[in-house]
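First the structure, in the form of structure tokens, and then the observations on it.
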Ligand code: A3P
């Protein structure tokens, strides 16, 4: 636990009682409420569960890691700040200057910096993000009227993206890539950040069926395939539909495109307060990149798990 700052005695005690396993990076992961987290993650999630008070007007972007969260952050931010479009979207938009993880912060990071973060500076509706699984969200958040937009992605691309991202975080003395076989095995067994991946997806999927007015379920692939249609659906769900003039839809999609965001100075050379380079969140941005990495055996294994896990639901990823 030594590498984790401000780990209180209470949290240390709780964490020490949890099943654990070596994670993708040379650090332990712990099994808490049915999901796997690094010690650092747990140290952020526990205060969110205990301290965060949602407002009815809040909009929460929930996602599995590497599902394109940053893209949806850009889209939601643009949707909720459409006035920039009328002023001068191409020159003055905050997206052009700031990192998206600062504009739309993760609840977990806010609570890592401060047990009781001051969120009063956020304009209403507050737009926040999280990777916390549905079942582990703070209780009152599930009862309240805040809206949740959930994003996930097919497991093979999610795995490859996560593997590449983790490689960037490896300490230099360990090397530049972690073993594909080992991390793939862990992913399939559910031992990955906020994993099991499939349970994360199912939790929000079921919630979206039970509470369609409150939980909006979206996949990376749907967004890629029919971006205009999905953006309009999202806008109606959030209560800010577009006018007849569809120019604005296209402008938001252009502004938030991989090409545009990944080439911005802030995303090429900027860094987050956590030390992560902004550019590590923009790799390829494609569907199906997994074909270059996974062997036929790996594909067979992961497809079988997906089929078994989603059996009985209409879910296809
Ligand atoms: P790849 O590693 O497959 O390229 P997250 O934000 O959840 O960490 O997800 C990161 C993934 O989303 C990366 O996938 C990244 O390249 C992709 N991505 C980032 N911005 C995107 C955009 N504007 N459009 C499509 N994909 C994007």
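Among 250, 56, 199, which comes first, then next, by fewest other beta-carbon atoms within 10 Å?
Working: 250 12, 56 9, 199 16.
Least crowded to most crowded, the residues run 56, 250, 199.
If you bin all the Cα-Cα distances of the range 228-297 at 10 Å, starting from zero, the percentages per bin are 16, 29, 31, 20, 3. The label point for residue 260 and the one for residue 28, both projected 7 Å from the Cα toward the Cβ, are 4.6 nm apart.
Put simply, the C-alpha atoms of the range 102-191 give a gyration tensor, and the ellipsoid matching it has half-axes of 31, 18, 12 Å, longest first. Structure remark: mean-square fluctuation, Gaussian network model of the chain, C-alpha springs under 10 Å; the largest value among 293, 205, 159 belongs to 293.
Counting other beta carbons within 10 Å of each Cβ, put 59, 132 in order, fewest first.
59, 132
Taking only the C-alpha atoms of the range 171-258, Rg followed by Dmax gives 18.5, 57 Å.
How high is the relative contact order of the range 55-309? Use alpha-carbon pairs under 8 Å, at least six apart in sequence, and give a whole percent.
Once divided by the residue count of the range 55-309, the mean separation gives 27 percent.
By DSSP, the beta bridges lying fully in the range 55-309 are antiparallel in about 5 percent of cases.
Size estimate for the range 184-317 follows the Kirkwood approach: the inverse of mean 1/r over distinct Cα pairs works out to 17.9 Å. Remark on the range 55-309: ratio of C-alpha radius of gyration to 2.2 N^0.38 Å is 1.01. The fewest-to-most ranking of 150, 37 by surrounding Cβ atoms within 10 Å reads 150, 37.
Read-outs throughout are calculated quantities, based only on the coordinates presented, and are distinct from any laboratory measurement. Owing to the predicted nature of the structure, the values given are computational and were not obtained by experimental measurement. Using ideal geometry, Cβ is built from the backbone for each residue, glycine included, and neighbour counts are taken over all protein chains shown.
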